[in-house]
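The values are calculated or read from the model by the stated rules, or taken from the named source; none is laboratory data. The model shown is predicted, which means the values in this text are computed figures rather than measured ones. Every residue, glycine among them, receives a Cβ derived from its backbone with ideal geometry; neighbour counts consider all protein chains shown. The protein model used for the area step is the full one, side chains on, heavy atoms only, and it has no ligands, DNA or RNA in it. Shrake-Rupley method; radii C 1.70, N 1.55, O 1.52, S 1.80 Å.
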Amino acid sequence: PDLYKALHLDSKSAKILEKILSFPTQTLRAGATTAPGFIFRNILRDQISAFINSNYGFTPGIDFAKGLFHLIKKDDLYVKWLSSGGAQSTFAGMDRNSLQLSIRKLVGEPGLIKNRPLVLRPVEFLRELSNYGEQATRIGEFGKAYKATGNSFESALASREITLDFSRAGLTGKNINKYVAFWNAQVQGLDKTIRVFKEHPVRSTFRTGLAVTLPTVMLYMLNRNNPEYQTAPRRQKH
C-alpha cells in the first residue's frame with residue numbers, strides 16, 4: 001500500500017487546501033528552475049556530478065554534446081533511452097503539469113494549441129530548454145552504458161543515477177516536497193553522495209578532488225587578494 005501511494009499520480013486525490021498551500025512552492029520551483037542563469041549553471045553542475053558518479057567513464061562536455069545530438073536527432077538511441085524509462089528521472093519531467101501536458105498530447109485531447117511555435121510560449125520554452133540541458137547529460141551516460149552492456153534497462157538506470165533521480169522519493173518526501181520547494185532534491189543529493197562514496201570510496205575521492213577541490217583551490221589562489229572577491233556573497237565565491 002505504501003508503494004502504491006508513493007507512485008500514485010491522480011491529482012484529484014489532492015485536497016483543495018493542499019493545492020492552495022502548495023501553489024507558492026510550485027511557483028518558486030518553476031521560476032527558479034526556468035531562469036536562464038540557473039539553466040546554464042545546472043548544465044555545468046551536472047557535468048561535474050556525472051564525472052564523479054559515472055560507472056562508465058562519462059567525459060564532461062564531450063558526452064553531453066553526444067547526448068544533445070541524440071536528443072535533437074531523436075534517433076534510435078534516444079528512443080531506447082525514452083522507452084526504457086530514463087526520462088522519468090528528470091526534474092522538469094517530474095512536474096505534474098508537464099506530465100499531464102504530455103498525456104494530453106499523446107491522446108490528442110481537443111483544445112490544445114497546435115502548431116504554435118515554442119518560442120511564442122516563453123514558460124514552456126524555458127522549461128523545455130532546462131529539460132534539454134538535463135536530458136543531454138543523461139543520454140550521454142546512457143550511450144556509454146549501452147555500448148558497454150548492450151542492456152537498455154541497465155543503461156537507463158545508469159542514466160537516472162548519473163546525477164539525481166528526482167522520481168526517487170517516498171510518500172512522506174513527496175508530501176513535504178509540496179510545501180518545501182527543493183526538499184527532495186536536498187535529501188536525494190545527500191543520499192547520492194553517501195551511496196557513491198560508500199560504493200567507490202577511492203574513485204569518488206579522486207574524482208571529487210580533481211573536479212571540485214583542485215579548481216576551488218586554484219580559484220581561491222587567483223582571487224584571494226582581489227577586493228571584489230572578498231566582498232562578494234558566499235554563494236558567488238562557491
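From largest accessible area down, sort E154, E124, E161, E228; use a 1.4 Å probe on the protein chains.
E228, E154, E124, E161
Within the set K15/K174; K74/K144; K80/K178, which residue pairs have Cα atoms separated by over 24 Å?
Distance filter (> 24 Å) returns K80/K178.
If packing is taken as the average count of other Cβ atoms within 10 Å, what order do 133-140, 52-59 fall into, highest mean first?
133-140, 52-59
Which value, in Å² rounded to 10, gives the accessible area of V180 with a 1.4 Å probe and all protein chains present?
Taking all protein chains as shown, V180 has close to 70 Å².
Please work out how much accessible surface D2 shows to a 1.4 Å probe, ignoring ligands, DNA and RNA, in Å² rounded to 10.
Rounded to the nearest 10, the figure is 110 Å².
Run the numbers for Q236 and D2: contour at 0.36 nm per residue of separation, minus the present Cα-Cα distance, in nm.
Difference between extended and current length: 80.1 nm.
Want the number for T25 to V202: 0.36 nm per residue separation, take away the alpha-carbon distance, what's left?
Contour length minus the Cα-Cα distance gives 59.9 nm.
Pop a pseudo-label 7 angstrom from the Cα along the beta-carbon direction at both L219 and L129 and give the gap in nm to one decimal.
So the label points at L219 and L129 sit 2.2 nm apart.
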